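Student: Submitted below is the structure of interest, expressed as structure tokens.
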Amino acid sequence: MFTRSSGVQLHITSLPGGRLGPEAYAWVDWLSEAGQSWWQVLPVGPPDRHGSPYKSSSAFAAWRGLLEDPKAPVSAEERDAFVEAESAWIGAWAEHGGGRRAIDDQVRFAREWSALRAHAADRGVRIIGDVPIYVAPGSADHLAHPELFRDDLVAGAPPDAYSDKGQLWGNPFYDWPAMSSRRYAWWTARLSRTLTLFDAARIDHFRGFVAGWAVPAGARDARGGTWRRGPGRAVFAAAARELATDGAVLPFIAEDLGVITPPVERLRQELGFPGMVVAQFAFDPEDAEGPHGLAKHREDQVAYTGTHDADTLAGWLEALPAARRAEVDRALADGGFSGDDPVWGVTRLWMTSRCPLVMLQAQDILELGTEARMNTPGTATGNWKWRLEAGALTAEHAARLRAATAEAGRVA
């Protein structure tokens, strides 16, 4: 799916100004100058009241707040063409989101986003999106298709070493038999929309397609949940019949972090989706059997230095227990990177991965601390607010990153 390359994750709201426009074009130009082939964003749907794009009011619609010009005129011809092309979901969104204006906002986003993607493609930069597995309660999708969701169960995660009560997400739990009886048409439409907007996308909580933690509606925590079997490959087989050409693999990355069972790993491999390994998980002596260590990397994985749910590299390094920090320092010395500052050393070390694609975080290029963290799971407030300062990423930063990228053989 990926040639040997690298890229950077930075959500649109973290651009200077927090929206599309000149700052987005400047960011793409910087990526190209830095030798990067990929830009990864978080979900682009309308966020919830805390700013989370993972509990959006639509699994299809883009957020009006991302528009450079939310008042740009939309012709009747443009509107009619968009409604015809996106008939699977735009009616439900118009009813939920405010009628004709809601449609016009989607036309405006399509116009601005298409122009930006063309600019990126001209500079050798492709864009990775993000697909949350579940929809938000009360979202346009939930209200328009109640027959596709269980009314007695909500989604979550079981108790583990980090939470003795588990995680109660509260998202509606899919009625997978009902989805199957409709040949997974809703999911096919959702994945089709995703591939209209992006060159590839990360499937969040991929393990939920094998089994999801279902909690009785109204429960106060997730301890009373049970594992409920998911559809396996059926969702993606249905989508591939309509979206893939000549048997090609759909361009998705499986988020397979956490406790992953053999059936989840088999499904990922059968579908041909690369999984994920993360630098911040690679130096834990208690996870010696895990997949994240550099020597265990495979060509069917994407190597991330961190994710939007993790601390920055600088913050992570500062908080490491002495034993784990010694493991990091030892790995840097063995790789010949001990002369670098630690953040840059980890970045260069991770670039040597055998994984075709390495993804960095924009905060780490600037070596920012915990204050620049995007999200802390389990906390409702204070997240999703970090923004890149205008001019912070300079030509010098680009030259440094390009040199490291070339050193690792990742410049196209």
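The values are calculated or read from the model by the stated rules, or taken from the named source; none is laboratory data. Note that the structure is predicted; figures quoted are calculated from it, not measured. Note: ideal-geometry Cβ built from the backbone for every residue, glycine included; neighbour counts use all protein chains shown.
Student: Here is a list of conditions, (1) under 24 Å from the mean Cα position of the chain (by Cα); (2) within 30 Å of Arg387 (Cβ to Cβ); (3) touching a residue at least 40 places away in the same chain (Cβ under 8 Å), and Trp316 meets all of them except one; can you say which number that is?
Tutor: (3)
Student: For residues that are touching a helix residue (DSSP H, G or I) at 6+ places or on another chain (Cβ under 8 Å) and in contact (Cβ under 8 Å) with a residue 40 or more places away in the chain, scanning just segment 287-306, find the one that is farthest from Val41 (Cα to Cα).
Tutor: Leu294
Let's see how each residue does on (1) more than 20 Å from the chain's Cα centre (by Cα); (2) assigned to a loop (DSSP other than H, G, I, E, B); (3) modelled with pLDDT of 95 or more:
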position	(1), (2), (3)
Ala239	no, no, yes
Val249	no, yes, no
Gly258	no, yes, no
Pro263	yes, no, yes
Arg266	yes, no, yes
Glu270	yes, no, yes
His292	no, yes, no
Ala295	yes, no, no
Ala303	no, no, yes
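Student: Sort out for me the strands (runs of 3 or more DSSP E) sitting completely within segment 184-232 that have 1 or more residues that are among the basic types (Lys, Arg).
Tutor: Where strands (runs of 3 or more DSSP E) fall fully within segment 184-232 and carry at least 1 residues being among the basic types (Lys, Arg), they are 200-203, 226-229.
Student: Being under 22 Å from the mean Cα position of the chain (by Cα), surrounded by fewer than 18 Cβ atoms within 10 Å (Cβ to Cβ) and hydrophobic (A, V, I, L, M, F, W, C), is that true of even one residue in segment 120-130?
Tutor: There is at least one residue in segment 120-130 that is under 22 Å from the mean Cα position of the chain (by Cα), surrounded by fewer than 18 Cβ atoms within 10 Å (Cβ to Cβ) and hydrophobic (A, V, I, L, M, F, W, C).
Student: Kindly establish whether Ala403 is in contact with a Phe, Trp or Tyr (Cβ under 9 Å, 6 or more places away or on another chain), hydrophobic (A, V, I, L, M, F, W, C) and surrounded by fewer than 22 Cβ atoms within 10 Å (Cβ to Cβ).
Tutor: no
Student: Now for a separate question. Being loosely packed, with under 15 Cβ neighbours inside 10 Å and either touching a Gly at 6+ places or on another chain (Cβ under 9 Å) or not in a helix (DSSP H, G or I) (or both) is the filter here; which residues of segment 312-332 pass it?
Tutor: Glu318, Pro321
Student: Restricting the search to segment 3-24, which residues are of a type in the set (A, V, I, L, M, F, W, C) and out of contact with any strand residue (DSSP E or B) (no Cβ under 9 Å at 6 or more places or on another chain)?
Tutor: Answer for segment 3-24, where residues must be of a type in the set (A, V, I, L, M, F, W, C) and out of contact with any strand residue (DSSP E or B) (no Cβ under 9 Å at 6 or more places or on another chain): Ile12, Leu15, Leu20, Ala24.
Student: Filter segment 193-218 down to residues that are surrounded by fewer than 17 Cβ atoms within 10 Å (Cβ to Cβ) and without any contact (Cβ under 8 Å) to a residue 60 or more places away in the chain and give me whichever is nearest to Lys165 (Cα to Cα).
Tutor: By that ranking, first place goes to Gly218.
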